[in-house]
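Asker: Can you read through this structure? Questions will come right after.
The values are calculated or read from the model by the stated rules, or taken from the named source; none is laboratory data. The structure displayed is predicted, hence computed values, not measured ones. Please note: Cβ atoms are built from the backbone with ideal geometry, for glycine as well, and neighbour counts cover all protein chains shown. SASA here: full protein model, heavy atoms, side chains in, ligands and nucleic acids out. Shrake-Rupley method; radii C 1.70, N 1.55, O 1.52, S 1.80 Å.
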Amino acid sequence: MPTKGDLTKQRILDVARELFYKKGFDATSTAEIARGASISEAAMYKYYKSKRDLLTASVQPTHFVEDTSDYSTLTNNELVQCWTALFLEKVEKNLPQYMILFGESVKYPELSETYLATFHKETPADIEVQKRIKTGHFPKLDITLMQVGMIGALIAMIQHLVIYKKHDDLNSVPSKVKEVISSIISGKFFN
C-alpha cells in the first residue's frame, strides 16, 4: 500500500506531466505545479530536487506492453499487423509522455536517452521483425528510427486535428490516425 509520501510524489508528477504536456516545460512554473498538487513549493522539492528532475520523471512510461507471444509462425502480414497494434497501444497509453518527449527533446536532449533507456524495450514482436529483416523477409530498415518517425507523425496528425477542431482530446489517438499509421507501416500506400 502506498504511503502518504508516495501518493504526494505521484500527485506532483501527475500535475507536472499534465502541465508540461499542455503548456510546455518552459511555460510551466514550479509554483503552478505545487499549487496544482496542493502543496508548497518547498514541500515539492522534498520529492523532486529540481524542475528538470520532474521533466525527466514526466516522460517515464506508465504503461508497458506485456507481450510473451511467439510470432515465429505468423505470416509477414500477420506479424506487421500484430507489431503495429502493439506499437500503437504503447504510444496511446503513454501519449502525454511522448508529446512531452517530442516537444522538449530538442532543448533537453537527455530526454532522448531516457526514451531509449525506458520506453524502447524490445518486445517479442520487435525481435521477430528484426529477425525477418536480417533474413531478407522484410526490407532493411532501422526499427527504432521508424518508430520515432511514426510517433512524430502520429503526434503531428493529432495536433492537426485538434487545431482544425476535428478532434478535441489530446489524451487519445483517433481511429483515423491509427488507420493512417497502420497503412503506412503495412505499406498499403505503396502496393
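Asker: Determine whether region 94-113 contains at least one residue that is touching a residue at least 12 places away in the same chain (Cβ under 8 Å), open to solvent by less than 60 Å² (accessible area, probe 1.4 Å), farther than 22 Å from VAL173 by Cα and not in a helix (DSSP H, G or I).
Answerer: Taking region 94-113 and keeping what is touching a residue at least 12 places away in the same chain (Cβ under 8 Å), we get 94-104, 107-108, 110-111.
Subset that is open to solvent by less than 60 Å² (accessible area, probe 1.4 Å): 94-101, 103-104, 108, 111.
Adding the requirement that they be farther than 22 Å from VAL173 by Cα leaves 108, 111.
From the residues that got through so far, the ones that are not in a helix (DSSP H, G or I) too are 108.
The answer is yes, given that some residue of region 94-113 is touching a residue at least 12 places away in the same chain (Cβ under 8 Å), open to solvent by less than 60 Å² (accessible area, probe 1.4 Å), farther than 22 Å from VAL173 by Cα and not in a helix (DSSP H, G or I).
Asker: Do the conditions hold for VAL15, that is, is it without any contact (Cβ under 8 Å) to a residue 40 or more places away in the chain, open to solvent by less than 80 Å² (accessible area, probe 1.4 Å) and either in a loop (DSSP other than H, G, I, E, B) or closer than 28 Å to LYS178 by Cα (or both)?
Answerer: For VAL15, the condition - without any contact (Cβ under 8 Å) to a residue 40 or more places away in the chain, open to solvent by less than 80 Å² (accessible area, probe 1.4 Å) and either in a loop (DSSP other than H, G, I, E, B) or closer than 28 Å to LYS178 by Cα (or both) - is met.
Asker: So GLY152 fits all but one of (1) farther than 21 Å from SER69 by Cβ; (2) open to solvent by 40 Å² or more (accessible area, probe 1.4 Å); (3) in a helix (DSSP H, G or I); (4) at pLDDT 90 or above; what number is the exception?
Answerer: With (1) farther than 21 Å from SER69 by Cβ; (2) open to solvent by 40 Å² or more (accessible area, probe 1.4 Å); (3) in a helix (DSSP H, G or I); (4) at pLDDT 90 or above applied to GLY152, the lone miss is (2).
Asker: Among the numbered criteria (1) open to solvent by 20 Å² or more (accessible area, probe 1.4 Å); (2) at pLDDT 95 or above; (3) among the aliphatic types (A, V, I, L, M), which one does MET1 miss?
Answerer: Only one criterion in (1) open to solvent by 20 Å² or more (accessible area, probe 1.4 Å); (2) at pLDDT 95 or above; (3) among the aliphatic types (A, V, I, L, M) is unmet by MET1, namely (2).
Asker: Any idea which of (1) open to solvent by 70 Å² or more (accessible area, probe 1.4 Å); (2) under 22 Å from PHE64 (Cα atoms); (3) over 18 Å from the mean Cα position of the chain (by Cα) is the one ASP168 doesn't satisfy?
Answerer: Of (1) open to solvent by 70 Å² or more (accessible area, probe 1.4 Å); (2) under 22 Å from PHE64 (Cα atoms); (3) over 18 Å from the mean Cα position of the chain (by Cα), only one is false for ASP168: (2).
Asker: Count, please, the residues in region 114-140 that happen to be assigned to a loop (DSSP other than H, G, I, E, B) and either surrounded by 11 or more Cβ atoms within 10 Å (Cβ to Cβ) or among the hydroxyl-bearing types (Ser, Thr, Tyr) (or both).
Answerer: 7
Asker: Which of the residues that make up region 20-55 are farther than 24 Å from MET99 by Cα, open to solvent by 70 Å² or more (accessible area, probe 1.4 Å), out of contact with any helix residue (DSSP H, G or I) (no Cβ under 6 Å at 6 or more places or on another chain) and not aromatic (Phe, Trp, Tyr)?
Answerer: SER38, ALA42, LYS46
Asker: To continue, here is another question. Find all pairs meeting these conditions: Cβ atoms under 8 angstrom apart; at least six residues apart or on different chains; first residue within region 70-91 and more than 13 Å from VAL129 (Cβ to Cβ); second residue open to solvent by 60 Å² or more (accessible area, probe 1.4 Å).
Answerer: Hits for this filter: LEU88/LYS178; LYS90/PHE64.
Asker: If you check LEU88, LEU145, LEU74, which single one turns out to be open to solvent by 90 Å² or more (accessible area, probe 1.4 Å) and either of a type in the set (A, V, I, L, M) or under 15 Å from the mean Cα position of the chain (by Cα) (or both)?
Answerer: Among LEU88, LEU145, LEU74, only LEU145 is open to solvent by 90 Å² or more (accessible area, probe 1.4 Å) and either of a type in the set (A, V, I, L, M) or under 15 Å from the mean Cα position of the chain (by Cα) (or both).
Asker: Separate question: Restricting attention to region 171-183, report how many residues are open to solvent by less than 40 Å² (accessible area, probe 1.4 Å), hydrophobic (A, V, I, L, M, F, W, C) and free of Cβ contacts under 8 Å to residues at least 60 places away in the same chain.
Answerer: The qualifying residues number 1.
Asker: Please name all residue pairs, on different chains or six or more residues apart, with Cβ atoms under 8 Å, provided the first residue is in region 20-38 and is under 17 Å from LYS9 (Cα atoms) and aliphatic (A, V, I, L, M) and the second residue is open to solvent by 10 Å² or more (accessible area, probe 1.4 Å) and in a loop (DSSP other than H, G, I, E, B).
Answerer: Note: pairs meeting the criteria are ALA34/SER40.
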